[in-house]
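The values are calculated or read from the model by the stated rules, or taken from the named source; none is laboratory data. Since this is a predicted model, take the numbers as computed values, not measurements. Counting neighbours? That spans all protein chains shown, and the Cβs are built from the backbone with ideal geometry, glycine included.
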Amino acid sequence: METSLTDPAETVLGFDTGFFQRLYDRDTQATAAWDDVRAERAVGAISCLTLFELERLGLRGGVLPRDVADGLVRSLPVTCRVVWLGPDDGADRLHRAARLAHGNRLAMADSIILTSLLDAGATTVYTTDSDFERYDGPVHVVQL
């Protein structure tokens, strides 16, 4: 069973964890995409795993300062559509992610994140992971 979380008329931009690192660094493409979300020209979508990864990055320090990571973890569920691994559709999402990982040689977390973004209706995915470029499907991958 495929899960659709979006209206087909919406423009949905999917954001992998690395997107927020580039946004913090003021990358031009990341800033332009985020401006579209803030101006409500597009809907932002993330996986719940992105929240986990941001939290972990903040605890490690270095790439993202802890206060920045904490602020993102608190604000992203308000700003973006978060795709959770819940009891209603989590098993199906993981089933599809396993097949996506196998067929495209994606890492486990990347396949769950990408499946979540596809379920959210993302037509464009912003990432720093070159793995995403191996996905041969109906989404435009922007490598930041």
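Among (1) at pLDDT 95 or above; (2) under 14 Å from Phe19 (Cα atoms), there is one condition Ile113 misses while meeting the rest; what is its number?
(1)
Among the residues of the stretch 74-93, is any at pLDDT below 90, more than 27 Å from Arg41 (Cβ to Cβ) and buried (at least 19 other Cβ atoms within 10 Å of the Cβ)?
First, pick out the residues of the stretch 74-93 that are at pLDDT below 90: 85-93.
If we keep only those that are more than 27 Å from Arg41 (Cβ to Cβ) as well, we get 85-93.
Subsequent filtering for residues that are buried (at least 19 other Cβ atoms within 10 Å of the Cβ) retains 93.
Yes.
Mind checking which pairs have a first residue in the stretch 1-27 that is at positive phi and surrounded by fewer than 16 Cβ atoms within 10 Å (Cβ to Cβ) and a second that is at pLDDT 60 or above and β-branched (Val, Ile, Thr), Cβ under 8 Å, 6 or more apart or different chains?
none
Can you pull out every residue in the stretch 57-73 that is surrounded by fewer than 12 Cβ atoms within 10 Å (Cβ to Cβ) and either at pLDDT 95 or above or over 17 Å from Asp25 (Cα atoms) (or both)? Steps first, answer last, please.
Of all residues in the stretch 57-73, those surrounded by fewer than 12 Cβ atoms within 10 Å (Cβ to Cβ) come to 59-62, 67.
Within the stretch 57-73, Leu59, Arg60, Asp67 qualify.
Helices (runs of 4 or more DSSP H) wholly in the stretch 1-90 with at least 2 residues that are of a type outside the set (A, V, I, L, M, F, W, C) and within 20 Å of Ile112 (Cα to Cα) - which ones?
Working: elements: 17-24, 28-38, 48-60, 66-79.
Passing ranges, in order: 17-24, 48-60.
For residues that are of a type outside the set (S, T, N, Q), in a strand (DSSP E or B) and surrounded by 17 or more Cβ atoms within 10 Å (Cβ to Cβ), tally how many sit in the stretch 125-141. Please lay out each step first, then the result.
The first filter runs over the stretch 125-141 and keeps only residues of a type outside the set (S, T, N, Q), leaving 125-126, 129, 131-141.
Subset that is in a strand (DSSP E or B): 125-126, 140-141.
After this cut, where a residue has to be surrounded by 17 or more Cβ atoms within 10 Å (Cβ to Cβ) as well, the list is 125-126, 141.
So the count comes out to 3.
This table checks each residue for (1) out of contact with any Leu (no Cβ under 8 Å at 6 or more places or on another chain); (2) among the acidic types (Asp, Glu); (3) within 19 Å of Glu10 (Cβ to Cβ).
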{"site": "Ala32", "(1), (2), (3)": "yes, no, yes"}
{"site": "Asp35", "(1), (2), (3)": "yes, yes, yes"}
{"site": "Ala42", "(1), (2), (3)": "no, no, yes"}
{"site": "Phe52", "(1), (2), (3)": "yes, no, no"}
{"site": "Leu57", "(1), (2), (3)": "no, no, no"}
{"site": "Asp70", "(1), (2), (3)": "yes, yes, no"}
